[in-house]
Amino acid sequence: MTTAVITGATHGLGRLVALDLARRGFDLAVIARDAAKVDDLRAEIGSGVTAFTADLSSLEDVRRVAEEVDARYDRIDVLVNNAGIHAFSPRVTPEGMPEMTAVNYLAPWVLTNALRDKLVASAPARVVTVASEAARQVREFDPATALTSAAHYGRTKLMNVMFSQELARRLEGTGVTANCCDPGFNTTGLGRELPFAGLLEKVLHALRIGDPARGASIITRLATDPAFADVTGGYFSVRDAAPLQCPGPGRGDVQRELWETTEELLVS
């Protein structure tokens, strides 16, 4: 059985990706905060969905759920780091991390590294991380302060790109690829914290702006398309999977520096 682990699969792009992977015959391991929403997804898909409950803002919880997933499966063929939040007010986790940084960057980092041995043992395998156009908003980047200073959505998404490309270098020769993508503008889940978000989403949907199916397609393509079987270290656009460059502040040795800074933070 081909197994895919996916975060953020109970709504938005992740839900569409989960449905597509299920149609392709994948056994799905869905990591979500709300078990009831996983039940809804399972009802829609049928068999082949296993729920793992975790709060991705808690790195302790991420480590725990990674152990559960690792123990449950003999192999993992695809890991999709899709879950993310765009908060409009700053919040700090009980562990003292900016919430957006914890969910958008540190959780994928911890989960992927915890499952690394299983991915390598399952090779060929793929890691797909969902970034965002917002990464281009970042004008400067300092690894020494990026993890603990006030969270900025674009910066967390730039770190997704940097993480994915550094991961690809560290996995070179293992048979595990690591790529990331910009899924474009999508209305699903748009600004959930805003009081008018539901109405705005309906208007944009009626105008056929931000079709989430389009955004989900690039994620699924990186996870399954034979054309990407040997491609690693890439950053791809929703527009015909065109290759993108990592935004300037996140290129070069700073990717390694961010990785090492993250390691130091998480073991301290």
For the chain, what is the convex hull volume of its Cα atoms per residue in Å³? 126
Using Stokes-Einstein with the Kirkwood hydrodynamic radius over Cα pairs, what translational diffusion coefficient do you get for segment 6-155 at 4 °C and a viscosity of 1.567 mPa s, in µm²/s rounded to a whole number? 81
With the full set of protein chains in place, find how many percent of the accessible area of segment 1-149 is carbon and sulfur; take the probe as 1.4 Å. 48
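When ranked by the protection proxy of mean other Cβ atoms within 10 Å per residue, highest first, what sequence do the peptides 245-251, 19-25 form? Walk me through the numbers before you get to the answer.
On the way: 245-251: 17.7, 19-25: 16.0.
Going by the mean number of other Cβ atoms within 10 Å, highest first, we get 245-251, 19-25.
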Taking only the alpha-carbon positions of segment 76-120 as identical scatterers, the Debye log10 I(q)/I(0) at q = 0.15, 0.17, 0.31 Å⁻¹ comes out as -0.44, -0.54, -1.11
18 Å reach of a label modelled at residue 227, 7 Å along Cα-to-Cβ, counting backbone N of segment 166-181: 178-181
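Out of segment 118-171, which GluC sites (Glu not before Pro) are coil in DSSP terms and have no more than 12 other C-beta atoms within 10 Å?
Working: sites: 133, 140, 166; in loops: 140.
Qualifying residues, ordered by number: 140.
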Rounded to the nearest 500, what is the 222 nm mean residue ellipticity of the chain from helices alone, with -39500 (n - 2.57) per DSSP H run of 4+ residues and division by all residues? -12500 deg cm²/dmol
Tell me, what is the per residue accessible area of the chain in Å², probe radius 1.4 Å? 46
What does the accessible area of residue 109 come to, in Å² to the nearest 10, when a probe of 1.4 Å is used? 20
Ranked order, 244, 115 - accessible area, probe 1.4 Å, largest first: 244, 115
How big is the Cα convex hull of segment 210-266 in projection, averaged over all directions, in nm²? 5.7
Rg (one decimal) and Dmax (whole number) from the Cα set of segment 71-146, in Å, equal 15.0, 43
One can check that the equivalent ellipsoid of segment 1-60, built from the alpha-carbon gyration tensor with semi-axes equal to the square roots of five times its eigenvalues, has lengths in Å, largest first, of 18, 12, 10
Label-to-label distance, nm, for residues given as residue 24 and residue 170 (7 Å Cα→Cβ offset): 2.5
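The values are calculated or read from the model by the stated rules, or taken from the named source; none is laboratory data. Just so we're clear, the structure is a prediction, and the values are computed from it rather than from any experiment. We place every Cβ from the backbone using ideal geometry, glycine too, and count neighbours over all the protein chains shown. What goes into the accessible areas is simple: the full protein's heavy atoms, side chains included, and nothing from ligands, DNA or RNA. Shrake-Rupley method; radii C 1.70, N 1.55, O 1.52, S 1.80 Å.
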